[in-house]
Amino acid sequence: MEEDDLNCTYIRKIAVVGCGFVGAACAFSLMQSGLFSEMVLIDSDKDKAEGEAMDISHGVPFAKPIKIYAGDYDDIKDASLIVITAGANQKPGETRLDLVKKNIAIFQSILPEIKKRNYKGILLVVANPVDILTTVAIKLSGLPENRVLGSGTVLDTARLKFELGNHLNVDSRSVHAFIIGEHGDSEIAAWSSANVSGIPLNLFCEMRGHFNHEEAMKKIAADVKNSAYEIIAKKRATYFGVAMAVKRICEAIIRDEKSILSVSSMMHGEYDIEGIALSMPAIVSRSGIETHVPIQLNDSEIRRLQHSARTLRDILAENNI
């Protein structure tokens, strides 16, 4: 990035596009984070954006000072980050891929507005299917690839750590494991690289009295993959978990942490995958994506990752992207 492109990253302003369940929860989580001093909410329903801005603003006396208001695309020009949550909600019985046509159309209306403002910051895609929409955003935004990323499997990875922490009765923050590939039905639990504070996962499981590894791994991976469907069936939408994942990604960017997160970003030959955004561990910093991080995968995991990429590429081709 050129030095001029970095200037906006010193401005602690964020824009959230889309004020549905996920957008509002993200705005609330970001308000509490103390990362930003200004937040603009943008929605096709201006009254909804104004209502959310008012509601969240009334909690500012309990948090760090921040100006929160409803605005339009002219307000994004000096933002360091734009978070796009706008899109149709996933309904009970729907997969994330079922949302493709509706949400690509929404992105085709949003991204030209961002592009015409000559935006210089980071674009974070949260709407589903996030890997496909991240690819769309890269193609339509005109931004360098490193400055466009998706929330990817950051939440799925947190769900995996949570389930493993419960299974092993250990702090989930000591669990190091990733969900990779599609944020969706073809996602992969990367068991080959999983460990607990540097101890290989199977060895740690045996230390805790668990020996039926294959059965446990299948159940935990299925629970992680299906957790969103279960939440949607029970409460119609998921939003708190993803809001915390978005806050975590924003922290890594604004603080220039160079943290390794399983965000969605463009693949260029890694594991023989090209030209599609996938959720893979990457170093995330003020410039966005610095580089992918190669993790240990066995042959089966690599084949499943390539299948995940083909699935997404076929969907894009069907939608002429």
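The values are calculated or read from the model by the stated rules, or taken from the named source; none is laboratory data. All of these numbers come straight from a predicted model, not from anything done at the bench. Quick reminder, even Gly has a Cβ in these numbers, built from the backbone with ideal geometry, and neighbours come from all protein chains shown.
Counting only strands (runs of 3 or more DSSP E) that sit wholly inside the range 217-300, those with at least 1 residues that are under 12 Å from the mean Cα position of the chain (by Cα) and hydroxyl-bearing (Ser, Thr, Tyr) are 264-268, 274-279. Summed over the range 88-146, the residues that are in contact with a Gly (Cβ under 7 Å, 6 or more places away or on another chain), touching a residue at least 60 places away in the same chain (Cβ under 8 Å) and surrounded by fewer than 24 Cβ atoms within 10 Å (Cβ to Cβ) give a count of 5.
The residues of the range 15-40 that are more than 13 Å from residue 124 (Cα to Cα) and not small (Gly, Ala, Ser), listed by number, are 19, 21, 22, 28, 30, 31, 32, 35, 36, 38, 39, 40.
Look at (1) at pLDDT below 95; (2) more than 30 Å from residue 321 (Cβ to Cβ) and you find that residue 87 fails only one, number (2). The single condition among (1) part of a helix (DSSP H, G or I); (2) within 26 Å of residue 131 (Cβ to Cβ); (3) of a type outside the set (Ser, Thr, Tyr) that residue 31 does not satisfy is (2).
Do we find that residue 272 is at positive phi, among the charged types (D, E, K, R) and in contact with a Ser or Thr (Cβ under 9 Å, 6 or more places away or on another chain) in this structure? The answer is no for residue 272. Tell me, yes or no, whether the range 228-235 has at least one residue that is touching a helix residue (DSSP H, G or I) at 6+ places or on another chain (Cβ under 8 Å) and among the hydroxyl-bearing types (Ser, Thr, Tyr). There is no residue in the range 228-235 that is touching a helix residue (DSSP H, G or I) at 6+ places or on another chain (Cβ under 8 Å) and among the hydroxyl-bearing types (Ser, Thr, Tyr). Residue by residue through the range 275-321, note down the ones that are β-branched (Val, Ile, Thr), without any contact (Cβ under 8 Å) to a residue 40 or more places away in the chain and farther than 15 Å from residue 262 by Cα. Passing the criteria: only 302.
Within the range 266-273, can one find any residue that is touching a residue at least 40 places away in the same chain (Cβ under 8 Å) and under 22 Å from residue 22 (Cβ atoms)? Checking the range 266-273: not a single residue is touching a residue at least 40 places away in the same chain (Cβ under 8 Å) and under 22 Å from residue 22 (Cβ atoms). I'd like the residue in the range 114-139 that is among the hydroxyl-bearing types (Ser, Thr, Tyr) and assigned to a helix (DSSP H, G or I) and, out of all such residues, is farthest from residue 152 (Cα to Cα). If we take residues in the range 114-139 being among the hydroxyl-bearing types (Ser, Thr, Tyr) and assigned to a helix (DSSP H, G or I), then 135 is farthest from residue 152 (Cα to Cα).
If I ask for residues that are surrounded by 14 or more Cβ atoms within 10 Å (Cβ to Cβ) and either touching a Lys or Arg at 6+ places or on another chain (Cβ under 9 Å) or assigned to a helix (DSSP H, G or I) (or both), which ones from the range 197-216 would you list? Residues satisfying the conditions are 201, 202, 204, 205, 216.
When 128, 118, 146 are screened for being among the polar types (S, T, N, Q), on the phi > 0 side of the Ramachandran plot and either out of contact with any helix residue (DSSP H, G or I) (no Cβ under 9 Å at 6 or more places or on another chain) or at pLDDT below 95 (or both), only 118 passes.
Given the options 80, 141, name the one that is farther than 29 Å from residue 304 by Cα and in contact with a Ser or Thr (Cβ under 7 Å, 6 or more places away or on another chain). Among 80, 141, only 80 is farther than 29 Å from residue 304 by Cα and in contact with a Ser or Thr (Cβ under 7 Å, 6 or more places away or on another chain). Restricting attention to the range 301-321 and to residues that are assigned to a helix (DSSP H, G or I), in contact with a helix residue (DSSP H, G or I) (Cβ under 7 Å, 6 or more places away or on another chain) and hydrophobic (A, V, I, L, M, F, W, C), the residue that is nearest to residue 200 (Cα to Cα) turns out to be 302.
Among residues of the range 168-196 being in a helix (DSSP H, G or I) and under 25 Å from the mean Cα position of the chain (by Cα), the one that is surrounded by the most Cβ atoms within 10 Å (Cβ to Cβ) is 191.
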